[in-house]
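These notes concern the structure reproduced below.
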């Protein structure tokens, strides 16, 4: 089988907005969603900067039994998935009559786990945790909850691959549909945003210390960059075979052409340029494209010295100096486990609306980053094909190539 794989729906809940419309406006305006969080400072963080994400109130949508097994990341994912289903014109009757799968990226459930352990320590009785605690504290909590809420009967799994989790979830879903194993898969990524989830990350000293200027602190590719900023939320995309989409008269937003992956086989936290280069080259090969066919690159760049330099080096090797590049993390911060999915939503919104969102806070590059074409102001431009990069701890790399549909 060699099915064409298309995107028929999207949903987003992030620090840039609670829906596609709000997020599109933030992207176009170059609006940052990063704030200073006093609670984190009191808790002991070296840097208390974070993306500000609204926690959805689901009492009007789900009953108490359904909500009690949902942690923060699952609530974000539910909100994004509802929008994606609406966007794709899918209702519960369709899900009941067809096999729909779900693959999500998630790599932590810090808050739910800590709250459960704290209750045991205080009460000395595990029975007081309640039946929902176990389902809130497993990495598969998102797929576990959404598959049962929406009664999905297809593939059901969670991809745990650090900051490439969301991208790999799309890539694996793409391969499953391409090979004919599924007709439709709900794919995406979710990331909790709380003081418990990122404490050990802050301990590495990788967060920007610029607490006095939150919205200028994330500076991907800029020579003055000094650390990333954690963020989160959830992004959902409906992936579907072209035949399935046409059969049901679905709105087709884009087509996935290639999925490239690799492992650095190197240091557990320090990235290199070889792995990202391999992932991008593999995505191009699978898409049967020359590098010159790509109109825009949504970079992984998190605003770290070594990571951004190595990605720029890889981009320059594969694409040269002309292809437009920006990192939406300049506005969102690093959305970690959801980033690979949310950044496909961001890039798709750009492609739909004919603009490239800016890499805000970029003024001047260094020896590596200054060699590629960083876009630091919104430009109106048609995008037919884009590439989205995602890299994570342990040296995991993912690159996706997506285009406007030309039937």
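The values are calculated or read from the model by the stated rules, or taken from the named source; none is laboratory data. Here the structure is a predicted model, which means the values were calculated and not measured. Here the Cβ positions follow ideal geometry from the backbone for every residue, glycine too, while neighbour counts run over all protein chains shown.
Counting only strands (runs of 3 or more DSSP E) wholly contained in region 1-102, the ones carrying 1 or more residues that are under 16 Å from the mean Cα position of the chain (by Cα) and either over 25 Å from residue 401 (Cβ atoms) or at pLDDT below 95 (or both) occupy 5-13, 49-51.
On the given criteria, is residue 311 without any contact (Cβ under 8 Å) to a residue 12 or more places away in the chain and closer than 16 Å to residue 387 by Cα? Spell out how you get there, then give the answer.
Working: without any contact (Cβ under 8 Å) to a residue 12 or more places away in the chain: no; closer than 16 Å to residue 387 by Cα: yes.
No.
Would you confirm, using the coordinates I've provided, whether residue 292 is within 22 Å of residue 349 (Cα to Cα) and at pLDDT 95 or above? Yes; evaluated as a whole, the condition is true for this residue. Within region 317-337, none of the residues are within 12 Å of the chain's Cα centre (by Cα) and closer than 30 Å to residue 243 by Cα. Among the residues of region 106-127, the ones that are part of a helix (DSSP H, G or I) and closer than 23 Å to residue 62 by Cβ come to 7 in all.
Scan region 327-335 and tell me whether some residue there is surrounded by 24 or more Cβ atoms within 10 Å (Cβ to Cβ), within 16 Å of residue 222 (Cβ to Cβ) and in contact with a helix residue (DSSP H, G or I) (Cβ under 6 Å, 6 or more places away or on another chain). Checking region 327-335: at least one residue is surrounded by 24 or more Cβ atoms within 10 Å (Cβ to Cβ), within 16 Å of residue 222 (Cβ to Cβ) and in contact with a helix residue (DSSP H, G or I) (Cβ under 6 Å, 6 or more places away or on another chain).
Taken over region 135-164, the criterion of being outside any loop (DSSP other than H, G, I, E, B) and over 30 Å from residue 93 (Cα atoms) is satisfied by 162, 163, 164. What number of residues in region 266-276 are modelled with pLDDT of 95 or more and crowded, with 22+ Cβ neighbours inside 10 Å? So the count comes out to 1.
Just one of the listed residues (126, 143) is modelled with pLDDT under 95 and either surrounded by 20 or more Cβ atoms within 10 Å (Cβ to Cβ) or farther than 30 Å from residue 245 by Cβ (or both), and it is 126. Confirm whether residue 167 is crowded, with 17+ Cβ neighbours inside 10 Å, in a loop (DSSP other than H, G, I, E, B) and touching a residue at least 40 places away in the same chain (Cβ under 8 Å). The answer is no for residue 167. Inside region 351-382, residues that are within 21 Å of residue 10 (Cβ to Cβ) and either buried (at least 24 other Cβ atoms within 10 Å of the Cβ) or under 11 Å from the mean Cα position of the chain (by Cα) (or both) make up a count of 2. Just one of the listed residues (199, 180) is touching a residue at least 24 places away in the same chain (Cβ under 8 Å) and on the phi > 0 side of the Ramachandran plot, namely 180. Confirm whether residue 221 is on the phi < 0 side of the Ramachandran plot and surrounded by 20 or more Cβ atoms within 10 Å (Cβ to Cβ). It is false that residue 221 is on the phi < 0 side of the Ramachandran plot and surrounded by 20 or more Cβ atoms within 10 Å (Cβ to Cβ). From the list 240, 255, 311, the one residue that fits, being over 30 Å from residue 36 (Cα atoms), crowded, with 24+ Cβ neighbours inside 10 Å and either in contact with a strand residue (DSSP E or B) (Cβ under 8 Å, 6 or more places away or on another chain) or modelled with pLDDT of 95 or more (or both), is 240.
Taking the listed residues 49, 27, 62, the one that is surrounded by fewer than 22 Cβ atoms within 10 Å (Cβ to Cβ) and touching a residue at least 12 places away in the same chain (Cβ under 8 Å) is 62, with no other qualifying.
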